[in-house]
1. Above 17 angstrom, tally the Cα pairs of the chain and express them as a % of all pairs, no decimals.
2. Would you mind telling me the antiparallel percentage of the DSSP bridges in the range 4-86, rounded to 5?
3. Quick check: residue separation of residue 77 and residue 59 times 0.36 nm, minus the Cα distance between them. What number comes out in nm?
4. Residue 9 versus residue 27, label points 7 Å from Cα toward the beta carbon: distance in nm?
5. Using Cβ contacts closer than 10 Å as the measure, can you line up 77, 32, 20, 59 from fewest to most?
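Rule-based calculations on the coordinates, nothing more; no lab input. Please read all numbers here as calculations on a predicted model, not as lab measurements. When we count neighbours, we look across all protein chains shown, and the Cβ atoms used for this are built from the backbone with ideal geometry, even at glycine.
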C-alpha cells in the first residue's frame, strides 16, 4: 500500500517544488480517516502528484525530480506529475 503522506513529503522536499496543489477545478487528494492529503491521488492505475513549482525552475526538471523522489514509494505504480501553478516571484 502506498503511503500518501510519504509521497507528499518526498514531493515537497524537491528543490523545484514550492508546495503541493489540490487543484483549481477538481480536487486532487487522497482521503484518509478524518483528513486528506492534498495534491496526491493514489489509484490502482498509478500515483498522481500535483505541485506548485518555484518561480525560477525549469518545469521539465521539476517533473523529473518529483518522479525520482516519489517512485521508490509507489510499490511499482506509475507516477504522473502535474505542475498546477508557479509561485509568484518574491
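1. Details: 1675 of 4005 pairs.
In whole percent, the share of Cα-Cα pairs in the chain beyond 17 Å is 42.
2. Details: 11 of 18 bridges.
Bridges in the range 4-86 are about 60 percent antiparallel.
3. Working: separation 18, 0.36 × 18 = 6.48 nm, distance 2.26 nm.
Length gained, residue 77 through residue 59: 4.2 nm.
4. 2.4
5. On the way: 77 16, 32 10, 20 22, 59 13.
Exposure proxy ranking, most exposed first: 32, 59, 77, 20.
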